[in-house]
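Trainee: Here it is, the structure, as structure tokens.
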Amino acid sequence: MINLLKNITLSVIFSLCFFSQAQTDVKLSNFVFAPLMYNPAYAGSSDGYSATGFYTSQWVGFDGAPETLIVTGHDRIGLTNLGAGFDVMSDKIGASTENRVVGNIAYHLRLSQNWLLSTGIKLGANNYAIDYNLLSIEDQNEFGNGFGDISRTSFIFGTGIFLHRDNFFFGVSVPNFLTTDYIDDFRNTLANTTPNYFLTTGYRFELEREVYLQPTVLARVANGAPYSALVSFNLDYKDKIYASANYEHNVTAGAFIGLRITDQIMAGYAYDTSITTFAQYNGGIHSFMINFRAKERYRRDRCGCFTY
């Protein structure tokens, strides 16, 4: 029973120190590199195929520490006003695993010579699973019958709008409107999802020729979770070196550095540290990113955000 309590305690600490999917959507500190995760209306904004992969690890050195893998990509559909994209996520915390596959489609409307407005929808599925065999349960009879893997699947439906020009963007989105309770065979609530409302905005300043500074904000509101706002300052040095610093009040602070290896491939690393009372225990958050863009179809000035 003591071992079971230790596992439960560790799981609670993980949930408090990071953005648990049981209540809220994943929030990347370098979210400007994955806007499609939050807003389906972004699909096709950059007028060229782009795909990005992320790997994030936390609480390094702890058994069952959180690990997240994200792959996202998008493109404009031919010469139409439609854009399409996908985002795939696999998130592991202790004995629980969450896998998500989502498709995105957006319609783009030109309001004027400089301004564009798009609307989009997300459709997909989410699977939440927990393996009780990975827990150290001293008295298994407390659960009645034998147990092993428990898996539950739910649907995802979300929407968003995205307004932008060459040096500014503003978006409002709800990645998933649907509320779901994941319940095991013993009628215990394993996790639950609730709609997350996101607002994103940013403005790009040209410091000198091909050197840009872009302050951005990612704000989130979700029922049952505190309001949060992540502020970041992003530097683009001649489309070759990228750097950023981010801060979220009483939650995290971090930095990112990225290099364009070739005109089509970019790689980067981010480190974030908790600024809560748990900072001395969690060892920080490490994130690795790689991006591919289609050289012959890429148009950087299509969107006010960094177009990846």
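Derivation of every value follows stated rules applied to the coordinates shown; laboratory data play no part. Here the structure is a predicted model, which is why all the values come from computation and not from measurement. Note that we place each Cβ from the backbone using ideal geometry, even for glycine, and neighbour counts take in every protein chain shown.
Trainee: Full-extension gain between SER90 and ASN250, please, as 0.36 nm times their residue separation minus the C-alpha to C-alpha distance.
Mentor: That works out to 54.9 nm of additional length.
Trainee: With θ taken as phi - 60° and the coefficients 6.51, -1.76 and 1.60, list the Karplus ³J(HN,Hα) couplings across the range 113-122 in order, rounded to whole Hz; mark glycine and proline as x.
Mentor: 5, 10, 9, 10, 10, 10, 10, x, 10, 10
Trainee: If you plug each phi of the range 75-85 into the Karplus form 6.51 cos²θ - 1.76 cosθ + 1.60 with θ = phi - 60°, what whole-Hz ³J(HN,Hα) values come out, in order, with x for Gly and Pro?
Mentor: Each residue's phi maps through the Karplus curve to give 6, 7, 8, x, 9, 7, 8, 9, x, 9, x Hz.
Trainee: Can you run phi through the Karplus equation (6.51, -1.76, 1.60; θ = phi - 60°) for the range 124-130 and list ³J(HN,Hα) in whole Hz, with x for Gly and Pro?
Mentor: Taking θ as phi minus 60°, the curve returns x, 9, 10, 10, 10, 9, 9 Hz for the range 124-130.
Trainee: Out of residues 5 or more away from ARG204 or on other chains, whose amide H comes under 5 Å of its own, with H placed 1.01 Å from N in the peptide plane?
Mentor: Long-range HN contacts for ARG204: PHE168.
Trainee: Please give the length that would be gained between ILE265 and LEU117 if that part of the chain were fully extended, namely 0.36 nm times their separation in residues minus their C-alpha to C-alpha distance (nm, one decimal).
Mentor: Using 0.36 nm per residue and subtracting the Cα-Cα distance, I get 50.5 nm.
Trainee: ARG110 versus ASN133, label points 7 Å from Cα toward the beta carbon: distance in nm?
Mentor: Simple spin-label model gives 5.9 nm for this pair.
Trainee: Oh, and also: For ILE275 and VAL221, compute 0.36 nm times the residue count separating them, minus their Cα-Cα distance, and round to one decimal in nm.
Mentor: Extending this stretch completely gives an extra 17.4 nm.
Trainee: If you don't mind, there's one more thing I want to ask. Amide H neighbours of ASN234 under 5 Å, counting only residues 5+ apart in sequence or on other chains, H built in-plane at 1.01 Å?
Mentor: Residues meeting the criterion, in which the H sits 1.01 Å from N, are GLN214, THR216.
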